[in-house]
Amino acid sequence: MTNPFEDERGEYVVLCNDEGEYSLWPAFREVPPGWNLTGPRGLRQACLEWIDEHWTDMRPLSLIRSMNSSTASS
């Protein structure tokens, strides 16, 4: 049996959470709490390419905000 998270022929969706973190998720599985559909639905490689193109800053949004407020108060 193929791992549903690594099936190159499987259908996936792209999810995003409140911290701006992305995840590849098998399309047949229910979206987990705290995550929202955000990108394409399609083959694994196409979804991974979309994530690579759109997730350019790996820092969580809370860290970005904290760092921005620290530099603004300096």
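The values are calculated or read from the model by the stated rules, or taken from the named source; none is laboratory data. Computed from a predicted model, the values in this text were never measured in an experiment. Heads up, the Cβs are rebuilt from the backbone with ideal geometry, glycines too, and the neighbour counts pull from every protein chain shown. Ligands, DNA and RNA are excluded from the accessible area calculation, which covers all protein heavy atoms including side chains. Shrake-Rupley method; radii C 1.70, N 1.55, O 1.52, S 1.80 Å.
For segment 22-34, how many residues meet the condition of being of a type in the set (Gly, Ala, Ser), touching an Asp or Glu at 6+ places or on another chain (Cβ under 8 Å) and open to solvent by less than 40 Å² (accessible area, probe 1.4 Å)?
1
Under the condition of being open to solvent by 50 Å² or more (accessible area, probe 1.4 Å) and of a type outside the set (D, E, K, R), which residue from segment 1-21 is nearest to the chain's Cα centre (by Cα)?
For segment 1-21, the residue satisfying everything is Phe5.
Mind checking which residues of segment 46-74 are open to solvent by 80 Å² or more (accessible area, probe 1.4 Å), at pLDDT below 95 and not aliphatic (A, V, I, L, M)?
Matches in segment 46-74: Thr56, Arg59, Arg65, Asn68, Thr71, Ser73, Ser74.
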